[in-house]
Amino acid sequence: MKQSIMHSIIALMILVPFTDVQAAEVEVKWSNSDKYSDMDAGEEHRKHFKERTFKSFEKHFAELAAALPEQQKLIVDITDVDLAGDVNFGGMKRVRVVKSIYFPRIDFSYQLLNADNTVVKGKEVSLKDMGFISHTSLRYRNETLSYEKEMLDDWFKQTFAENIIK
């Protein structure tokens with residue numbers, strides 16, 4: 001029994017490296033979310049869909065901010081979202097249909113702050129990816145918001161290239 005526990009501990013130590021993950025803090029705000037262009041849930045309850053979608057975006061921003069120095073803070077205020085696709089009736093159900101004419105769009109402002117709360121950079125941003133179907137990678141193919149995440153990844157890499165920890 002003791003040997004089995006010891007093997008489990010050793011296996012866990014190998015699988016979970018002892019790294020000290022340092023990441024910038026992230027704060028995501030959702031301004032006037034009831035007026036967003038497209039936050040339609042289709043068949044899912046609107047409130048649950050919205051909560052799940054917001055959590056997914058917040059998690060993604062946190063993953064992106066992991067590349068920024070620990071002492072910095074990224075504040076994002078999302079002012080509009082238009083998800084890829086459009087919700088239509090598919091027989092008896094409302095389903096999201098993704099076509100190239102229904103491209104993803106996100107409007108937000110951001111500020112990157114240093115530890116002393118001085119603004120490193122900030123701007124109002126209006127992202128859209130009109131060619132989202134033809135050039136998306138396979139990275140998020142089995143995840144929700146895959147097109148939006150790809151678009152945010154591209155924006156983040158371009159915007160924070162000089163701030164990213166190598």
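The values are calculated or read from the model by the stated rules, or taken from the named source; none is laboratory data. None of the values given here were measured: they were computed from a predicted structure. Note that we place each Cβ from the backbone using ideal geometry, even for glycine, and neighbour counts take in every protein chain shown. Accessible surface is based on the protein model in full, side chains and every heavy atom, while ligands, DNA and RNA are left aside. Shrake-Rupley method; radii C 1.70, N 1.55, O 1.52, S 1.80 Å.
Model label points for Met130 and Lys157, set 7 angstrom from Cα along the Cα-to-Cβ axis, are 2.2 nm apart.
Pairs with C-alpha atoms separated by more than 30 Å, drawn from the list Lys99/Lys157; Lys35/Lys99; Lys29/Lys93; Lys47/Lys157; Lys29/Lys157, are Lys29/Lys93; Lys47/Lys157. For the range 33-76, the carbon plus sulfur part of the accessible surface works out to 48%, probe radius 1.4 Å. Other residues whose C-beta falls under 14 angstrom from the C-beta of Gln111 contribute a net charge of -1, scoring Lys and Arg +1 and Asp and Glu -1.
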